[in-house]
Amino acid sequence: MVDQDKVRAAVRMLLEGMGEDPDRPGLQETPDRVARMYAELLGGMDSDASEHLCRSFPVEGSELVIERDIPFYSLCEHHLLPFYGHVHIGYVPNGRVAGLSKLARTVETFARRLQLQEQLTGQIADALMDHLACRGAIVMVEAEHLCMTMRGIKKPGTQTVTVARRGLVAADPAFEERFFKMMGRS
């Protein structure tokens, strides 16, 4: 999905716009490196969460399942700067559970796009509801945004926290309370 030729040309133009010579020894290969980097960092645009969540296993009961501290890196669509942190997922199964690696792969699918944290949080929760067909889901994302760390207000270490609730978790506060208690944040 990333047009590497266009990215290479744009990076050359950006370097020139910054007053640099893109043909000097240290920068000659920079446009190609940046094009490859964006293809990697934005690889989630070519994937679909359903390919990960369609593989599930039968389970008895419907107790809350939590996978926490899933690291992620994404690019803010406002400044094209990274934001990174951890995703915590809780869901109430409806007879099926996802393989644990599938939850982390789902996070990667949405994080590897130009993104907003609030949107990322909701997309993960919606994917769980849509493709895992769980009874309820809660997703919490904690992230540091380099647009606040490196520029503007310059406040390193500031964490932005977003939460999305769906299904039973949105309807019954007891599920949310249990999630935060199991996360050690009661």
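The values are calculated or read from the model by the stated rules, or taken from the named source; none is laboratory data. Just so it is clear, the structure is predicted and the values come from calculations on it, not from any experiment. When we count neighbours, we look across all protein chains shown, and the Cβ atoms used for this are built from the backbone with ideal geometry, even at glycine. Just so you know, the surface numbers come from the protein's heavy atoms only, side chains and all, with ligands and any DNA or RNA stripped out. Shrake-Rupley method; radii C 1.70, N 1.55, O 1.52, S 1.80 Å.
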Of the residues that make up the range 173-183, is at least one outside any strand (DSSP E or B), open to solvent by 80 Å² or more (accessible area, probe 1.4 Å) and aliphatic (A, V, I, L, M)? yes
In the range 92-122, anything closer than 18 Å to Glu40 by Cα and either modelled with pLDDT under 95 or among the basic types (Lys, Arg) (or both) is listed as Arg105, Arg112, Arg113
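Rundown of residues vs (1) of a type in the set (S, T, N, Q); (2) closer than 30 Å to Arg165 by Cα, yes/no style:
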position: Arg8; (1), (2): no, no
position: Met13; (1), (2): no, no
position: Asp23; (1), (2): no, no
position: Leu27; (1), (2): no, no
position: Ala35; (1), (2): no, no
position: Tyr38; (1), (2): no, no
position: Ser50; (1), (2): yes, yes
position: Leu53; (1), (2): no, yes
Among (1) at pLDDT below 95; (2) within 25 Å of Cys76 (Cα to Cα); (3) in contact with a Lys or Arg (Cβ under 9 Å, 6 or more places away or on another chain), Ile89 falls short only on (1)
Every listed condition ((1) of a type in the set (A, V, I, L, M); (2) part of a helix (DSSP H, G or I); (3) closer than 23 Å to Arg151 by Cβ) holds for Met129 save (3)
Matching residues in the range 66-106 (basic (Lys, Arg) and more than 15 Å from the chain's Cα centre (by Cα)) number 1
